[in-house]
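Worksheet: one structure, shown below.
Derivation of every value follows stated rules applied to the coordinates shown; laboratory data play no part. The structure presented is a predicted model; accordingly, all values stated were derived computationally and were not measured. Heads up, the Cβs are rebuilt from the backbone with ideal geometry, glycines too, and the neighbour counts pull from every protein chain shown.
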Amino acid sequence: PDPVLPQLPALLGPDVPAAGVLVVGNKVDLLPADCRGHLGRLRQRVAAACALAGLRGGQLVDVRLVSAKTGYGMEGLVSRLQRSWKCAGDVYLLGATNSGKSTLFNTLLRSDYCKSRAPDIIDRATVSPWPGTTLNLLKFPIINPTCDRIFRRQERLKEEAAKTEDELSSEEKKYLNQLKKQGYLVGEVGRTFQQHRSNAEIDFDPDMLSYSMDEDPKDSLKEHEEREEFTHNEVKDARWCFDTPGIVKEDCVLNLLTEKEIKLVLPSHAIVPRTFILKPGMVLFLAALGRIDYLEGEKPAWFSVLASNLLPVHVTTLSNADTIYEKHAAQEFLKVPMGGEERMKEFPPLVPQDITLKGIGTTEAVADIKLSSAGWVAVTAHAEEELLLRAYTPKGTALVVREPPLLPYISTVRGARIPGTPAYRTKRPPSFVENLRTTGRG
């Protein structure tokens with residue numbers, strides 16, 4: 001929900017080199033398209049957030065939207081990095097905890113951005129919901145983007161973009177379909193420059209192969225295998241890409257949660273929008289982490305929830321809301337937090353904030369109500385309709401009204417109304433595969 005760390009300019013300091021900062025909007029695969037051109041709008045919003053955070057002028061090289069997990073946008077990011085830095089200096093990955101920074105590091109490690117032999121030598125970054133789990137300072141050597149290498153890379157990308165899904169191997173199709181189920185935007189990260197291993201020479205040690213009749217043969221190859229290292233010549237002039245420990249965001253609900261709870265709150269698959277039509281006097285719960293009361297208004301309004309598919313959404317009346325929270329918080333019905341009465345003794349209470357909005361039309365949301373990092377609710381109302389809402393998040397966490405909303409037309413991405421309920425049937429938008437020709441079947 002929060003694209004840019006407010007601490008970033010202070011971390012960078014006044015002496016940022018001329019190469020500057022490239023901002024990467026990760027996890028874009030999780031967000032459903034609410035209309036054509038939604039990625040351009042998302043990119044503009046991230047750029048505006050950069051300016052608000054103090055990244056301006058020559059400091060900001062570019063803004064890129066990617067998914068380090070599904071590979072979407074990653075080849076474009078590698079090309080942009082090679083054009084802008086040209087190995088002029090070291091590169092540091094900075095970002096908040098749970099922003100997918102370590103996944104980004106691991107994906108770059110197996111791309112053309114990294115020296116071809118490095119993936120066999122460099123340890124992969126650990127991926128964990130806990131802050132500071134990127135141990136030490138992991139790094140890999142950046143490949144020198146010579147004219148020949150860039151040309152060969154472009155030829156590979158053209159060749160791959162000319163393929164159709166039917167031309168992929170069965171293994172590639174299986175992997176692609178798996179990614180489609182997890183994200184809306186899917187790409188591929190390949191390597192132009194492979195490390196060729198020679199099988200011509202085999203070290204033969206007869207003593208390693210000899211064993212008596214009453215002995216089982218032992219796998220002593222692993223015992224004798226030595227860790228590969230870079231040679232001095234390979235890295236003497238190398239520039240390095242460093243992964244850094246994640247920065248903990250203040251006022252973030254994730255700081256209050258256990259590892260098990262975080263896994264439910266952080267979306268790991270494409271978010272399926274859930275839309276509800278509420279009348280005044282109705283209340284929407286997002287697990288036990290957020291609550292929105294529709295207090296006053298003349299007409300019903302639409303509330304579209306963008307959050308992990310594993311978090312339950314419940315709609316009730318204002319008169320029953322407090323009872324439901326007291327009875328079901330930390331229980332299976334509201335799911336997060338979990339652990340019963342003992343857990344709730346240490347969990348902060350929900351605190352309210354009144355919000356006034358004026359609708360702009362039945363197909364366009366007026367604002368997002370961000371419930372810290374649990375997700376957000378886009379509110380759509382009739383034109384000129386004034387709404388009085390009261391939103392709640394746990395004490396010490398941030399509740400923000402975002403105007404304009406990130407996905408303003410999200411309420412239109414829904415199925416038919418479920419009779420007798422305030423809910424609409426969910427509708428999962430189709431996936432899009434980058435750099436792969438369609439076969440005409442859709």
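How would you rank 31-37, 185-191, highest first, on the average number of other Cβ atoms within 10 Å across their residues?
Ranking the peptides 31-37, 185-191 by packing returns 185-191, 31-37.
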If packing is taken as the mean number of other Cβ atoms within 10 Å per residue, what is the order of 261-267, 281-287, highest first? 281-287, 261-267
What does DSSP give for region 329-442 in terms of the percent of beta bridges that are antiparallel, rounded to the nearest 5? 95
Filtered pair list for region 255-430 (Lys only, Cα < 17 Å, 8 or more apart or interchain) has a length of 10
Just the number, please: Stokes-Einstein D of region 255-430 in µm²/s, Kirkwood Rh from C-alpha pairs, 4 °C, 1.567 mPa s. 80
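Using a Förster distance of 56 angstrom, determine the FRET efficiency expected from the C-beta separation of Lys158 and Ile418, and round it to 0.05.
0.70
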For the peptides 44-52, 373-381, 58-66, what is the packing order when you average, over each peptide's residues, the other Cβ atoms within 10 Å and list the highest mean first? 373-381, 58-66, 44-52
Calculated FRET efficiency for the pair Lys86/Thr438, C-beta based, R₀ 41 Å, to 0.05: 0.70
Please give the contour-minus-distance gain from Asp251 to His269: 0.36 nm per residue of separation, less the Cα-Cα distance, rounded to one decimal in nm. 4.0 nm
At R0 = 51 Å the Cβ-Cβ FRET efficiency linking Arg425 and Arg239, nearest 0.05, sits at 0.45
